[in-house]
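A.B. asks: Got a structure for you, written out below as structure tokens; questions coming shortly.
The values are calculated or read from the model by the stated rules, or taken from the named source; none is laboratory data. Predicted model only: the values in this text are computed from it and were never measured. Note that each Cβ is placed from the backbone with ideal geometry, even for glycine, and that neighbours are counted across all protein chains shown. Just the protein is used for accessible areas: all its heavy atoms, side chains included, with ligands, DNA and RNA removed. Shrake-Rupley method; radii C 1.70, N 1.55, O 1.52, S 1.80 Å.
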Amino acid sequence: MELENNVGFFRFEDLRIYAKALEYAVWLHKTLAFAAGEFAPSSRDSFLSSANAIALQTAEGSSRNKSQFLYYMKLAKSSVRECVVYTELARRLDVFTPENYEYSRNQLMELTKMIGSLISSIQRSIGNLSPAERDDVDMDPLL
């Protein structure tokens, strides 16, 4: 039996933010697996969790209504900021090489810009709805 290629079946898989977040998380998993410095296991796990959360929040939010999607994208942006802190810790603890530090910072800056643009777009689309339509958006179930 041949497996079908279901890429695009889930709406979030078509989002550039999701692809970028996943790319960053994979890079981070590989980089920390071979890092020379010492990172406390709890810090390493928290860093990876924050990086994974960017993609996870994007995926989860994409299935919700606009107000909820906005909320999840704000959570994703918070996860990016957590990664910025962990990136700095990794640099100061010599876990990251200067090149890894720069790469991480650049990826996180790009993700912040992408998420910020999407947040603005969602806010504009919610703002363009009539008050009754806005109430409907806010009242959609969390299913």
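A.B. asks: Within the range 40-65, can you find the residues that are open to solvent by 30 Å² or more (accessible area, probe 1.4 Å) and in a loop (DSSP other than H, G, I, E, B)?
C.D. replies: Ala40, Ser63, Arg64
A.B. asks: Out of Phe9, Phe69, which single residue is out of contact with any Phe, Trp or Tyr (no Cβ under 8 Å at 6 or more places or on another chain), over 19 Å from Tyr103 (Cα atoms) and open to solvent by 50 Å² or more (accessible area, probe 1.4 Å)?
C.D. replies: Phe9
So that you can scan it fast, the table gives a plain yes or no per residue for (1) open to solvent by less than 40 Å² (accessible area, probe 1.4 Å); (2) touching a strand residue (DSSP E or B) at 6+ places or on another chain (Cβ under 9 Å); (3) at pLDDT below 90:
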position	(1), (2), (3)
Ala36	no, no, yes
Ser79	yes, no, no
Tyr86	no, no, no
Tyr103	no, no, no
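A.B. asks: On the given criteria, is Glu23 part of a helix (DSSP H, G or I), of a type in the set (Asp, Glu) and open to solvent by less than 60 Å² (accessible area, probe 1.4 Å)?
C.D. replies: The answer is no for Glu23.
A.B. asks: In addition: Take Tyr72 and decide whether it is among the hydroxyl-bearing types (Ser, Thr, Tyr), out of contact with any helix residue (DSSP H, G or I) (no Cβ under 6 Å at 6 or more places or on another chain) and modelled with pLDDT of 95 or more.
C.D. replies: Taking the combined requirement at face value, the residue does not satisfy it.
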